1. Using 0.36 nm per residue, how much length does the chain from Glu13 to Ala39 gain when fully extended, once their Cα-Cα distance is taken away?
2. Counting other Cβ atoms within 10 Å of each Cβ, which trypsin sites (Lys or Arg not before Pro) in the chain have at most 13 and sit in a DSSP loop?
3. Mind giving me the FRET efficiency for Arg49 and Lys22? R0 is 35 Å, r the Cβ-Cβ distance, nearest 0.05 is fine.
4. Is the chain rounded, prolate or oblate when judged by the Cα gyration tensor, a ≥ b ≥ c being the square roots of its eigenvalues, rounded requiring a/c under 1.5 and prolate requiring a/b larger than b/c?
5. Quick one: pull the percent of accessible area on the chain belonging to carbon and sulfur, 1.4 Å probe, ligands and nucleic acids left out.
6. Send over a whole-number figure in Å² for the accessible area per residue of the chain, probe 1.4 Å.
7. Which of Gly72, Thr42, Gln58 sits closest to the plus end of the dipole of the chain, meaning its Cα is farthest towards the positive end, when Lys and Arg get +1 and Asp and Glu get -1 on the C-beta?
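The values are calculated or read from the model by the stated rules, or taken from the named source; none is laboratory data. Since the model is a prediction, treat every value here as computed from it, not as a measurement. Here Cβ is always computed from backbone atoms with ideal geometry, including for glycine, and neighbour counts include all displayed protein chains. Accessible surface areas use protein heavy atoms only, side chains included; no ligands, DNA or RNA. Shrake-Rupley method; radii C 1.70, N 1.55, O 1.52, S 1.80 Å.
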Amino acid sequence: MNDFSYLHTDCLELSIYLGCDKFPHGSELRREWEDNKEALLTFMEQVHRGIKGLVTDQQGQPIANATVLVAGMGRGVGTGE
């Protein structure tokens, strides 16, 4: 995870490296996909975990740019407009 992006923008940008060869030859790509497909798909399913929702006021109106504080997390998470 690119720490700067996460800590300062709440952007969850992720880089995954499967080995030391950053640019494998094209002939190796099918084998790499087959070797890692299930793990990657399982990882991608995890995006549906966590807390989702809309931050609203007492009248049910959305609150733009709210900060959500979670006990034990150590910092707030900002919402969008």
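1. Difference between extended and current length: 7.5 nm.
2. Details: sites: Lys22, Arg30, Arg31, Lys37, Arg49, Lys52, Arg75; in loops: Lys22, Arg49, Lys52, Arg75.
Loop-located and lightly packed - Lys22, Arg49, Lys52, Arg75.
3. 0.75
4. prolate
5. Result for the chain: 57 percent of the exposed heavy-atom area is carbon or sulfur.
6. On the way: 7370 Å² over 81 residues.
On a per-residue basis, the chain sits at 91 Å².
7. Towards the positive end, the residue furthest out is Gln58.
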